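Where a number appears in this text, it was derived from the coordinates with a stated rule and is not lab data. All of these numbers come straight from a predicted model, not from anything done at the bench. Here the Cβ positions follow ideal geometry from the backbone for every residue, glycine too, while neighbour counts run over all protein chains shown.
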Amino acid sequence: MDDRVSSQGHGSAPGIRMRIGCRLRYQLAQPTPLIAMLNVHYSRFGDLERADYLVTEPSVPLESYRDGFGNWCTRMVAPAGDFTLCTDGIFRDTGLPDPVAPGAAQQAVEDLPFETLVYLLGSRYCDTDLLSEDAWRLFEDTAPGWTRVQAICDYVHTWVSFDYMQASATRTASETLAGRHGVCRDFAHLAIAFCRCMNIPARYCTGYLSEFGQPEPHAPDDFAAWMEVFLDGRWWVFDPRNNSRRLGRILIARGRDAADVPLTQTFGPSVLARFDVWTSDAQVDPAAAPTGS
């Protein structure tokens, strides 16, 4: 089954030429094994005009592989001291918003493809066992399919307030429901858990989300989290944090929840000293990466 999420069927659009990339600078007390998941997902690799190769400073040997979800991972041993990882690519996007299919139907569990069933189960951050009663109370009377998923996104978007200062690496979906605040990953985890409770396969996605088409002032660029749900035989993008169809959404990795797709995983003590992400108009300066390491 093709698991790509495409924007086909929305008519013509002029397209967007985007410069995308990131720079992460660590301070390490000792040589430290590290796994990075920072490159564009294989399903969008053909849209790269200039590949977003991973570069390190100082240079170290890199070894790449695909994980169990098909995400591209790179492992290395970073030396003690300052260590920087950087990607910088040129990406051609359709310029079309996330696709919409209001008539997309929900499939019975017994009719779902085998490979989607793992996305009905509880996971590290999507504690469906604690949320099932709330999910059915809130959404049992909504129409199955696209309408129900949108109702879940509407609820999460309204119920939870975005607060970057309240970011937590350990917050679960049930804790987000109780606390009513969080960042984009928390919005995604809660909506995913609700969907799974309602027997809709849902998976966690991380990647770039541009500000193209959005009113200014724009927030500083950052990586984003959203979800994909399985309806009518394919996966569809939903974004409970922004709750709108956006342009320039570029997938890096997907999994059951954020535990499956850490952008970097260090196996030892580390300090993230600087973190920069860019999604900009490539026509402005298509060659030079942002300064400041």
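Some points to look at:
- The charge dipole of segment 109-260, taken about its Cα centre with unit charges on the Cβ atoms of Lys, Arg (+1), Asp and Glu (-1) only, comes to about 220 debye.
- Label point of residue 147 set 7 angstrom out along Cα-Cβ; within segment 83-108, amide nitrogens under 19 Å from it belong to 100-108.
- A simple packing score, the average count of other Cβ atoms within 10 Å per residue, orders the peptides 51-64, 184-197 as 184-197, 51-64, with the highest score first.
- Applying the criteria of a DSSP loop state and at most 16 other Cβ atoms within 10 Å to the GluC sites (Glu not before Pro) of segment 95-182 yields 140.
- Each distinct pair of alpha carbons in segment 109-260 adds a 1/r term; the inverse of their mean, the Kirkwood radius, is 15.4 Å.
- Here the simple spin-label model places points 7 Å from the Cα toward Cβ, and for residue 216 and residue 273 these points are separated by 3.3 nm.
- The radius of gyration of the Cα set in the chain, together with its Dmax, comes out at 19.1, 57 angstrom.
- Phi angles across segment 107-122 convert, under the Karplus curve 6.51 cos²θ - 1.76 cosθ + 1.60 with θ = phi - 60°, into 3J(HN,Hα) values of 8, 4, 4, 5, 9, 6, x, 3, 6, 8, 5, 4, 8, 9, 8, x Hz, Gly and Pro given as x.
- Most positive-pole-ward Cα, 26, 244, 225, against dipole of the chain from beta carbon charges: 26
- Rel. contact order, % - alpha carbon contacts under 8 angstrom, at least six apart, segment 149-245: 29
- Using the average count of surrounding beta-carbon atoms within 10 Å as a protection proxy, the listed peptides 84-93, 24-33 rank, highest first, as 84-93, 24-33.
- For residue 273, the amide hydrogen comes within under 5 Å of the amide hydrogens of 25, 26, 27, counting only partners 5 or more places away or on other chains and with H modelled in the peptide plane.
- If R0 is taken as 41 Å, the Cβ-Cβ distance between residue 164 and residue 110 corresponds to a FRET efficiency of 0.45.
- Per-residue ³J(HN,Hα) for segment 188-203, Karplus 6.51 cos²θ - 1.76 cosθ + 1.60, θ = phi - 60°, Hz, x for Gly and Pro: 5, 4, 5, 5, 4, 4, 4, 4, 4, 4, 8, 6, 10, x, 9, 10
- Ellipticity at 222 nm from helices only: DSSP H runs of n ≥ 4 in the chain, each -39500 (n - 2.57), divided by the residue count, give -5000 deg cm²/dmol.
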